[in-house]
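The values are calculated or read from the model by the stated rules, or taken from the named source; none is laboratory data. Here the structure is a predicted model, which means the values were calculated and not measured. Cβ: placed from backbone, ideal geometry, glycine included. Neighbour counts: every protein chain shown. Please note that ligands, DNA and RNA were not included when accessible areas were found on the heavy atoms of the full protein model with its side chains. Shrake-Rupley method; radii C 1.70, N 1.55, O 1.52, S 1.80 Å.
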Amino acid sequence: MSMRTLPLLFINLGGEMLYILDQRLRAQNIPGDKAKKVMNDIITTMFNKKFMEELFKPQELYSKKALRTVFDRLAHASIMRLNQASMDKLYDLMTMAFKYQVLLCPRPKDILLVSFNHMDAIKEFIRDSPSILNQVDETFRQLIEIYSCLPAGEFQLIRQTLLIFFQDMHIRVSIFLKDKVQNSNGRFVLPTSGPVPCGTEIPGLIRIFNCNGEELKRTEFPSGGHYTSSLREGSFDLYGDRVIKLGTNMYSVSRPVETHMSGTSKNSASHTKENASPNPLAKEELNLLARLLGGLDIKKPVDVDPGFRVNLFATDEEEQEAAVLRPPELSYQVINIQATQDQQTNDMLARIMGEFKEDGQASQSMLSKGDDLLAMMDGLE
Amino acid sequence: MYRKEKSIQIKSSASALYSNLSVLPIPEKSLTYFTVVHGNVLNMVSASGDGLNFSHRQLQSKEGSITASSSLIMQASWCVLPSRVLLVLTSQKGIQMYESDGSIMVYWHALDIPETPSAQAVFARGIAAARGNFICVGTSSGSLLVFDVPSKGTNITLSEVLEEHREPITDIASEVSSNKEYIADLVSTDDSGLLCVWKAGEDFKLLNKIPAYGCTCSSVMLWTGIVVAGYSSGQIRLYDALSGVMYAEVNAHARWIYALDIASDSGKLLSGAEDSLVRIWKLSKSTETNTAEIEHLHTECVTDIQICGAKFCDGEGSAFAVTGYDLSEIIRYTQI
């Protein structure tokens, strides 16, 4: 559908990921300098110039699998490690949060304000690093340039494209359940009260005119809700009050975040169909993905700092249990990139595949090394 | 006024697309057909009159006449012509036409798709049958494709391309009343909110252009010469098709309107929007004052669901059906 959806999807999901990681880093008492390094590394990678160039090219939206693989790589762009269960949970939280924001946006154009909320927060995370800040501002300007003047109909198409991507996802998130924005069946609460969107009138009035345009009469009807006038419009500039709260950090109060896997089986039939069906475009997707990651400077964890593991669950036991209990239909089946025999003629792709293979192997060994070091550190305490 | 009936389960949930429900009553067989779009699949279900028997079928979007495609379906609708009924699907790749039960594809039209993807999406959207064996389909470039449909067989031809709109077409509707006295046959609308009124024929004639007022018009109907337009602002407006005079302005919904339908025999209007509400209205014309009026009859709230399709199930408007985003059922209501 819309060819301009991917940048918005990526930036908003990335923003949510950073909120969650920031909260977990603090909850696990990771030392300040290490935590800052993780955030900086991820943000640097996210806003890498080449990566962004590729991202902003008009293209169809990636499949769930392909996008998940991109975020896997992004989450590991630093010295931090995540187990499969934690990565799954992180992705669930990110996607349900953005699904919620897209659904609740008063107008389709407000998705841009949500994106700006994420961008504003990202800039806050790296406000002490001028070089990264520059990169982020560059992207911010690009967002403004490309999206600010899009007509409402195009934004609705973007919104519809995003909703197709999020279709049938009903994972329950405890922070949403607690705040009563999500029901126990996984559906989000759509209030029939509150301010109407900018440009909309409060429902209830009928005006009849004659052929000269003069108003003949007015009648009212019960609106069926409790609506109030719209708030002022948020700012679409580089700086400004966005007014809309969707897309701001809801994790700033440290609360453990759980996701519930049960209760989603009702729609798992269609979900399973999507995951299980053979993807004839898989190879093509791998190539596109490799191209996308072409500019990525994947930090080899063989740096000065030893790796450390972040857990999205309260304890290690919980994490292990979650891995075992995760229903098969909800597994993301991450694509493992392997060099294929019939390489594309594109030199750059072949080179990237080669580099990637190296990195892949390196990070594998680093993973165990990181664990050992952690164990050693724990032993020393 | 209306009460909720037992819902019809569908094989997969409805996608968030304008007018995502089409209904075909088949009174002689005491059946009603429904279609709902989910991604690249069209869910078809036929329900028996007693509400006890259902049979399901799924159609997939195609590329050409055979290859199954992952391209997304934008809309599906039955087109009732004098001698036959066709089921039309529009997607990102083209237009497919099937026999009314979805059993055989009778025609495929490919859209012009550029080699390298441009920022402008390519798709077809907006389907209506127009007087005299025509089926009109809109495109993302603003063109209206007019197809000439023979009374039987597969010899469907593209008869005309109407270039009046500059923005992607959102909806097309033909005159619902069977009364031949109404000159205007068809109305089309686009992302900008511009409304074009046409007379069908070998050469379609543009009768009137009703200017946009700044909001996208996502849904349109035409009844006894009155254009009924649903907008992104949640407003419904009534215009005279030939003169463009605005008869009425209704602050109908708190969010973007996704679907409109009219029961031709009674003049009842149905509107569904992202605000979870479905409303029933009554349209009427006054010949002495030369005005048209609209009054509110009833509202149903489909809790926590953004409506994407709403259709009456009969000409009188005594029953209607509703679909919503992420919902795997067709909700039905009947008049008490």
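A few points about this structure:
- Subset of segment B:236-254 (residues that are hydrophobic (A, V, I, L, M, F, W, C) and in contact (Cβ under 8 Å) with a residue 12 or more places away in the chain): B:236, B:238, B:241, B:242, B:248, B:250, B:252, B:254
- Single residue of segment A:170-187 satisfying the filter (open to solvent by 10 Å² or more (accessible area, probe 1.4 Å) and among the hydrophobic types (A, V, I, L, M, F, W, C)) that is nearest to residue A:236 (Cα to Cα): A:181
- Scanning segment B:189-200 for residues that are at negative phi and in contact (Cβ under 8 Å) with a residue 24 or more places away in the chain returns B:189, B:190, B:191, B:192, B:194, B:195, B:196, B:197, B:198, B:200.
- Matching residues in segment B:75-132 - criterion: being among the small types (Gly, Ala, Ser), over 21 Å from residue B:172 (Cα atoms) and modelled with pLDDT under 90: B:118, B:119
- Helices (runs of 4 or more DSSP H) contained entirely in segment A:53-152, each with at least 3 residues that are touching a strand residue (DSSP E or B) at 6+ places or on another chain (Cβ under 6 Å): A:84-104
- In segment B:194-208, the condition of being open to solvent by less than 20 Å² (accessible area, probe 1.4 Å), more than 25 Å from residue B:266 (Cβ to Cβ), outside any loop (DSSP other than H, G, I, E, B) and within 14 Å of chain A (Cβ to nearest Cβ) is met by no residue.
- Some residue of segment B:260-267 being crowded, with 23+ Cβ neighbours inside 10 Å and over 23 Å from residue A:209 (Cα atoms): yes
- Contact map, segment A:199-216: first residue more than 15 Å from residue B:246 (Cβ to Cβ), second residue of a type outside the set (Ser, Thr, Tyr) and open to solvent by 50 Å² or more (accessible area, probe 1.4 Å), Cβ cut-off under 6 Å, separation 6 or more or different chains; pairs are A:204/A:220.
- Identity of the residue in segment A:198-210, closer than 30 Å to residue A:95 by Cβ and at the interface with another protein chain (Cβ under 7 Å from one of its Cβ atoms), that ends up surrounded by the most Cβ atoms within 10 Å (Cβ to Cβ): A:200
- The residues of segment B:141-159 that are out of contact with any Pro (no Cβ under 9 Å at 6 or more places or on another chain), closer than 30 Å to residue B:215 by Cα and either open to solvent by 40 Å² or more (accessible area, probe 1.4 Å) or of a type in the set (A, V, I, L, M) (or both), listed by number, are B:144, B:145, B:146.
- Per-region count, segment B:23-73, residues buried (at least 17 other Cβ atoms within 10 Å of the Cβ), away from chain A (no Cβ under 14 Å) and farther than 27 Å from residue B:6 by Cβ: 1
- Residue in segment A:118-141 that is in contact with a Cys (Cβ under 8 Å, 6 or more places away or on another chain), in contact (Cβ under 8 Å) with a residue 24 or more places away in the chain and open to solvent by 10 Å² or more (accessible area, probe 1.4 Å) present: no
- If you go through segment A:211-242 and pick out every residue that is farther than 25 Å from residue B:279 by Cβ and at the interface with chain B (Cβ under 8 Å from one of its Cβ atoms), you end up with 2.
- If you filter segment B:268-304 down to residues that are among the hydrophobic types (A, V, I, L, M, F, W, C) and at the interface with chain A (Cβ under 7 Å from one of its Cβ atoms), you find that the one that is most open to solvent (accessible area, probe 1.4 Å) is B:301.
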